[in-house]
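One structure below.
Only the coordinates and a few stated rules stand behind these numbers; no lab work does. Source: prediction; values computed, not measured. As a convention, Cβ positions derive from the backbone with ideal geometry for all residues, glycine included, and neighbour counts pool all protein chains shown.
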Amino acid sequence: MADDASNNSARRPKLSPTFRVFDSIAEITSQDWNRLAGTQPFLQHAFLRALEDTGCASLETGWMPQHMTLWLGTYLVGAMPMYVKHHSYGEYVFDWGWADAYERSGLSYYPKLLSAIPFTPVAGSRLLAENDDCRKLLVVAAVNYARNAGLSSFHCLFPAESERAIFEDAGLMIREGVQFHWTNPGYRNFEDYLAAMSHDKRKKIHQERRKIHERGIVFRHFTGAEITEQDWSFFTDCYINTYREHRSMPYLTLEFFIELGRRMPDSVLLILANDGNSDIAASLNIFDNEAIYGRYWGSQQYFPGLHFETCYYQTIEFCIARGIKTFEGGAQGEHKLARGFLPTKTYSAHWLAHPGFSGAIEEFLARESLHMRDYIGELNEHNPFKTSHQNQE
């Protein structure tokens, strides 16, 4: 009987991997996608589908879904969140200069191919697969897709550090960036966290918090089903106001935020600030058991220190209470350093079809990388903690 089973296995045809591209995440089952995606909230099928179903990530907004998948028969073994882009908005890795250089040379930089989470500068896996062999195939497939479609380039933004070597081995250029992350070694409370900081930094935070307290501003934390449509409406108004102050257009809509709260209630933290009469500010965070990600904030009034309290100090208190280890404060922001957020490297990977531009950008990235390492070194010299805090350089 054992020999018969062995013979049957040998006669069974070996499946070859096949690729399929989907123009909607809804065409892939959530079970298949999430089995590969892991637990990070932004990689979840529900998050990506909420973006698409509400029109935030769509052809009309310049984010045309073209999700790459790898199959063995009917079994999904690899996937990449992927979009054809007609601009570079909402990416947080800036290539506007590259686009301008193309246009000055009479070439078209757009459309381009992009693997990223729309509007989300959070590092995480982009090669969703069961093993490195499948991850390598996904990168090759993405480059071939861009080449065969006549697109100028392929870019992967904020991949996990563990995926860097796969992109490099496939011939993609690596670009380095920096963000500021807060880490929790096991603080008992907010004062315990402040006690680890130098005297001047601790004093400044005490002063900022005291000003808010003296104005009678109080904060409420809401998660999941506690968040009402009225809360989402107020938050959206604050969010839009922030974009107006920066003279730019907001990417997301009230419909998206409501869908986010409905589909991923256990991953959403909304913080509202109230002056005793009405709500005046709000911040939105996405979280799991390991990390919290500060995403958006806005206010209806200006008070000194309101931004830091609403976005950072309240969220740090939430992390300490929940035992969450990491708080990623979003893109950019040297002001975060003085508040305990230390520099952390980020990466992106790039392939350009035009050999001349590819060579020029490779030289540019080599120079930029040296500058970035010097910059991170300078930041670390201004570490706000009294004792050596492990940074993530």
Exposure-ranked with fewest Cβ neighbours within 10 Å first, Ser30, Ser115 stand as Ser30, Ser115
Those GluC sites (Glu not before Pro) from the range 43-136 that are DSSP loop and have at most 15 other Cβ neighbours within 10 Å turn out to be Glu130
Residue-normalised 222 nm signal for the chain, counting each DSSP H run of n ≥ 4 as -39,500 (n - 2.57), nearest 500 deg cm²/dmol, is -11500 deg cm²/dmol
Computed over the range 27-122, the convex hull of the Cα set has an average projected area, in nm², of 7.0 nm²
Within the range 278-379, DSSP-loop chymotrypsin sites (Phe, Trp or Tyr not before Pro) with at most 15 other C-beta atoms within 10 Å are Tyr302
Rounded to one decimal in nm, the spacing of the 7 Å Cα→Cβ label points at Ser358 and Phe190 is 5.3 nm
Footprinting proxy, His382, His87: sorted fewest to most Cβ within 10 Å, the residues are His382, His87
Placing one equal point scatterer on each C-alpha of the chain and summing with Debye, one gets log10 I(q)/I(0) at q = 0.08 Å⁻¹ equal to -0.47
So for R0 = 45 Å, FRET eff. of Glu378-Glu290 from the Cβ-Cβ r, to 0.05, ends up at 0.95
Counting only DSSP loop positions in the range 253-318, the GluC sites (Glu not before Pro) whose Cβ has at most 12 other Cβ atoms within 10 Å are Glu290
Bounding extents of the range 185-324 in its principal axis frame from Cα atoms, largest first in Å, are 44, 33, 28
Neighbour-count ranking for Phe19, Phe180 (other C-beta within 10 angstrom, fewest to most) reads Phe19, Phe180
Length gained, Leu254-Ala165, 0.36 nm per residue minus C-alpha separation, equals 28.1 nm
